[in-house]
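See below for the structure under consideration.
Just so it is clear, none of the values below were taken in a lab; they were calculated from the coordinates. Computed from a prediction, not measured in an experiment: that's the story for all the values here. Note that we place each Cβ from the backbone using ideal geometry, even for glycine, and neighbour counts take in every protein chain shown.
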Amino acid sequence: MAATSPTTLTDGHDPRIARSRARIVAAATELFVEGGPRAVTVDAVAERSGVAKSTLYRHWGSVNELLVDVMRANVPDPTQVDLAAGFEPALRWWIGHAVATLSAPEWTRTLPVLLEMRSQSPEMAQLLDADFDGQLVTIAAILEVGAIEGRLPAGLDPRLVTQALVGPLVLAALTGDEPRVAELAEYVLDRFLASYRPPGDPR
């Protein structure tokens, strides 16, 4: 494919181009989930999407660039939490967003392949790391509110807290137990909160 960056388009506001790009990304996602990154070829994507190969050449400089856009389309948007609601409501809302994401059929289909690609492609690893860092900003703000309210000690590592709270949910999704992700999230969160609760506190 020609060396063309997907971000250098000058006609990105044309609805026809937006539709063709969306069809290409959707087709590439289906192929990616079905057969891994090797299944995403120019010929296969063009056939599945019904979009001419010349259009792919115009939008993406390589299959890897297309795969990066596939990953970007499937990475959940950063959460916007209402910190004014207080520590525990904010934390429960954040966990609820993780449950909704991990319970979505599209995400559970894509997640195993995402993890595979993370280990094989520096571009994918960078994209997923950037998403994780964005999530850490949110949980760090929530933990700060918890410390201000006296519910948590100051200085908790947001990365460790995220791994402790969300890690079991990811494992459940990967092992096909996504129907119980919400129940597991409540179990994990309740025990996290209880671990910092002073003795005799009835909450």
Separation between Cα centres of segment 113-164 and segment 24-40, rounded to whole Å: 28
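What ranking do Thr41, Thr108 get, fewest neighbouring Cβ atoms within 10 angstrom at the top? Walk me through the intermediate numbers first.
Working: Thr41 14, Thr108 17.
Arranged by neighbour count, lowest to highest, Thr41, Thr108 become Thr41, Thr108.
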Residue of Thr55, Thr110, Thr138 that the Gaussian network model of the chain assigns the largest fluctuation, springs spanning Cα pairs under 10 Å: Thr55
Distance between modelled label sites at Arg197 and Ala140, nm, 7 Å Cα→Cβ extension: 3.0
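Could you work out the relative contact order of segment 76-195, using alpha carbon pairs under 8 angstrom and six or more residues apart, expressed as a whole percent?
Numbers: 90 pairs, mean separation 39.5, N = 120.
33 percent.
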Residue exposure sequence - Phe192, Phe87, Phe32 - by fewest surrounding Cβ within 10 Å: Phe192, Phe87, Phe32
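Could you work out the relative contact order of the chain? I mean the mean sequence separation of Cα pairs under 8 Å and 6+ apart, divided by the number of residues, in percent. Mind showing how you got there, number by number?
Details: 186 pairs, mean separation 39.6, N = 203.
Answer for the chain is 20 percent.
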Helical mean residue ellipticity (222 nm; -39500 (n - 2.57) per DSSP H run of 4+; nearest 500) of the chain: -22500 deg cm²/dmol
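Viscosity 0.890 mPa s, temperature 25 °C: what is the translational diffusion coefficient of segment 76-195 from Stokes-Einstein with a Kirkwood Rh over Cα pairs, rounded to a whole number of µm²/s?
On the way: Rh = 15.0 Å.
Calculated translational D: 164 µm²/s.
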Length added when fully stretched, Arg72-Ala154, from 0.36 nm per residue minus Cα-Cα: 26.2 nm
Calculated over the chain: convex hull of Cα atoms, volume per residue (Å³): 140
Distance in nm between pseudo-label sites at Asp133 and Arg16 (7 Å out along the Cβ direction from Cα): 4.0
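Using the 10 angstrom Cβ neighbour count as an exposure proxy, how do Trp93, Trp60 rank, fewest first?
Numbers: Trp93 15, Trp60 25.
Ranking Trp93, Trp60 by Cβ neighbours within 10 Å, fewest first, gives Trp93, Trp60.
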Amide hydrogen neighbours beyond the local backbone of Leu152, cut-off 5 Å, H modeled: Ala147
